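So the structure is just underneath, and the comments pick up after that.
Rule-based calculations on the coordinates, nothing more; no lab input. Source: prediction; values computed, not measured. Glycine also receives a Cβ, built like all others from the backbone with ideal geometry; neighbour counts cover every protein chain displayed.
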Amino acid sequence: IYSMNSDGTGQTRLTNNALLDLSPDWGTSPNTFNTVPSTPTGLVATTISSSQIDLSWTAPADGGSAITGYKIERATGAGPLSTLVANTGITSITYSDTGLTASTQYTYMVSAINAVGTGSASNMSSATTLAPTPSTFTAVQNGNWNDPATWGGTIPISTDSVIIPTGI
């Protein structure tokens with residue numbers, strides 16, 4: 001007698017007058033089986049810049065089957081969580097989220113993945129990207145503040161630094 005599933009053909013043996021399936025989803029000891037990974041812990045979101053937040057967490061127990069990646073979810077502001085990365089495909093316990101909007105809060109959760117499936121999500125962790133770095137504009141000619149030609153092509157905004165050289 002043998003069993004078959006999408007993972008292949010397994011062995012079956014008689015133990016205490018009961019059939020015990022030893023297919024590929026079962027663990028190495030009789031009467032044990034692999035499970036999804038436990039919950040990652042200690043998720044921390046760290047602001048790096050106006051467009052980057054780095055994540056780090058502690059890897060969970062693997063459930064008897066090696067962790068193959070992580071699912072990362074993200075919410076922007078007070079919005080709902082959505083999948084940022086369905087499966088990182090690597091076992092690294094860090095992730096850099098880049099290309100973000102300045103001065104915006106992001107909230108994250110992480111789940112571990114193994115051959116059995118995806119485990120429960122971690123604690124939530126939030127961070128806010130930094131404000132954009134102001135640009136410095138130097139007047140290139142005497143003129144109207146709202147005229148791009150005064151500034152060499154671009155009009156400064158209220159957060160920019162402005163230099164007006166003597167003699168202009």
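Listed values for segment 113-126 are Karplus-derived 3J(HN,Hα) couplings in whole Hz (6.51 cos²θ - 1.76 cosθ + 1.60, θ = phi - 60°), namely 10, 9, 5, 7, x, 9, x, 6, 6, 6, 4, 7, 9, 10, and x replaces Gly and Pro.
For segment 30-102, the equivalent ellipsoid derived from the Cα gyration tensor has semi-axes of 29, 12, 10 Å, listed largest first. Each other residue within a Cβ distance under 15 Å of residue 45 adds +1 if Lys or Arg and -1 if Asp or Glu, for a net charge of -2.
Here is the P(r) of segment 81-124: all C-alpha pair distances, binned every 10 Å from 0, give 20, 55, 21, 3 in whole percents.
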